[in-house]
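Student: Got a structure for you, written out below as structure tokens; questions coming shortly.
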Amino acid sequence: MNNMNLWNSVCVTDPSAVKEITGKQYKGNSPKPYWIIEQATKAFGPCGIGWGVEVVNERFEKMTSTDILHVALVRVWYIYNDKRGVVEQMGQTKAAYKTAAGKEMVDEDAPKKSVTDGMVKCLSMIGFAGDIFMGRWDDSRYVEWARGHFALNEYVEEMNRAESVQLLRSIFETAWENLP
């Protein structure tokens, strides 16, 4: 068994599923969470059956007189080659904060965002969107390669669908011709 099979099958990120990080002190790219969920479903099966997400614990932490952080410890479990795997990671989101302009903000979706952040981090540890987290996405040549990789895969899938349709048509036509 090659220990890198799962990683290699999920580490390349579709450029259409990448968003630029905004509103942070750092720059970079991040995979779109729902794309990661789709990829996990392709790899393991339906959520809740082949894989799942659990909130181990969560809390609010007061950082300053105006800034409150929501923190969640998230567990992702999955079944791969008939074995159960488990990964845990932290996710966090500013729940209340003061903007640079001095306006006080409250994010009512902070708990949901923290859980999503933790889930993406867990799945990245087993390879999902590994190219982004490894820094490959900073190289424009790599991004072009990834774009070509997904275009080729899409073309192959389309050709397979067309061949399948043609095969079914042939089977039905043969069956129709052989009806009594």
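The values are calculated or read from the model by the stated rules, or taken from the named source; none is laboratory data. None of the values given here were measured: they were computed from a predicted structure. Heads up, the Cβs are rebuilt from the backbone with ideal geometry, glycines too, and the neighbour counts pull from every protein chain shown. With ligands, DNA and RNA removed, areas are computed over all heavy atoms of the protein, side chains included. Shrake-Rupley method; radii C 1.70, N 1.55, O 1.52, S 1.80 Å.
Student: Using alpha carbons only, how many degrees (0 to 90, rounded to 10) separate the axis of helix 140-177 from the longest principal axis of the chain?
Tutor: 40 degrees
Student: Could you check which residue among Trp145, Trp137, Trp77 shows the biggest mean-square fluctuation in a GNM of the chain with a 10 Å Cα cutoff?
Tutor: Trp145
Student: Can I ask one more? Hand me the GluC sites (Glu not before Pro) from segment 76-148 located in a DSSP loop with no more than 11 other Cβ atoms within 10 Å, in residue order please. Working shown, then result.
Tutor: Working: sites: Glu88, Glu104, Glu108, Glu144; in loops: Glu108.
Hits after loop and neighbour filter: Glu108.
Student: Modelling each spin label as a point 7 Å along the Cα-to-Cβ direction, I'd like the Lys98/Gln25 distance in nm, to one decimal.
Tutor: 1.6 nm
Student: Then there is this: Quick one: Debye curve from the alpha-carbon atoms of the chain only, equal weights, vacuum; give me log10 I(q)/I(0) at q = 0.12, 0.18 Å⁻¹ to two decimals.
Tutor: Debye intensities relative to I(0), on a log10 scale: -0.72, -1.21.
Student: Given the peptides 20-32, 62-74, arrange them by the average over their residues of other C-beta atoms within 10 Å, most packed first. List each step's numbers first, then the result.
Tutor: Values: 20-32: 11.4, 62-74: 16.2.
Packing order, densest peptide first, comes out as 62-74, 20-32.
Student: Just to confirm the number: angle between the C-alpha axis of helix 110-125 and the first principal axis of the chain, 0 to 90 degrees, nearest 10?
Tutor: 50 degrees
Student: In whole percent, what relative contact order does the chain give with Cα contacts below 8 Å and a gap of six or more residues? Mind dumping the intermediate values first?
Tutor: On the way: 254 pairs, mean separation 38.3, N = 180.
Relative contact order here is 21 percent.
Student: Another question, then. For segment 90-127 and segment 38-82, what is the centre-to-centre distance using only Cα atoms, to the nearest Å?
Tutor: Taking the Cα centre of segment 38-82 as reference, the centre of segment 90-127 is 12 Å away.
Student: Follow-up. Given the protein chains as shown and a 1.4 Å probe, how many square angstrom of Thr41 are accessible, to the nearest 10?
Tutor: 50 Å²
Student: Let me ask you something else. Determine the alpha carbon to alpha carbon distance for each of Lys32/Lys98; Lys27/Lys112; Lys32/Lys112; Lys19/Lys113 and list only those over 18 Å. Can you show the working numbers first?
Tutor: On the way: Lys32/Lys98 26 Å; Lys27/Lys112 23 Å; Lys32/Lys112 15 Å; Lys19/Lys113 15 Å.
As for pairs spanning more than 18 Å Cα to Cα, those are Lys32/Lys98; Lys27/Lys112.
Student: Put a dot 7 Å past each Cα toward the Cβ at Arg169 and Phe60; how far apart are the dots in nm?
Tutor: Spacing of the two 7 Å Cα→Cβ label points: 6.1 nm.
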